[in-house]
Amino acid sequence: MKKLIYILFTSLYVAVTACSKIDYKINDAYETAAITGITLYAVSDKPVNIIESFEIDTENASVYAFVPEGTDLTHLRLVLTISTGASLTPVINGFTDLSSPKKYTVTSPNGIVQKSWTIHVATSPQDGQ
């Protein structure tokens, strides 16, 4: 009898909760497609951010990063920080050739806002030059 009552209540619970529809709305403040940070790692035993300085130009959707002179720009690990809940394409994995500008698209959580960003990486000039 206890088993029958347990099955009955479990079935009733499943039926009631399965019928409810929860529609989550993402706050409009999160509908952004921005790059908010950048980190670069060179090939080495120590994973240390090698960026000396960077600038994020939100108006022109560009990121400018400067690394020490002599850095091999063709073999860097790029890490981008993007808006909360947003997605990035193409996906960044492994080492990237950043000797020329690279384009990435950031899409907001609901896909309403999509922005194409350009990443520029250059070596910093030596002091006094």
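Table for the structure above
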quantity	calculated
Selection within segment 21-61 - of a type outside the set (D, E), at pLDDT below 90 and under 22 Å from N110 (Cβ atoms)	K21, I22, Y24, K25, I26, N27, A29, Y30
Among (1) within 11 Å of A33 (Cα to Cα); (2) outside any strand (DSSP E or B); (3) in contact (Cβ under 8 Å) with a residue 12 or more places away in the chain, the one test that V106 misses	(2)
From P90, P68, residue being modelled with pLDDT under 95 and either surrounded by 15 or more Cβ atoms within 10 Å (Cβ to Cβ) or within 22 Å of A42 (Cα to Cα) (or both)	P68
Neighbours by Cβ (under 6 Å, 6+ apart or cross-chain): first from segment 51-80, within 12 Å of I35 (Cα to Cα); second acidic (D, E) and assigned to a strand (DSSP E or B)	Y64/E55
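The values are calculated or read from the model by the stated rules, or taken from the named source; none is laboratory data. Every value quoted in this text rests on a predicted model; they were computed, and no experiment measured them. A quick note on method: Cβ atoms are made from the backbone with ideal geometry, for glycine too, and the neighbour counts reach across all protein chains shown.
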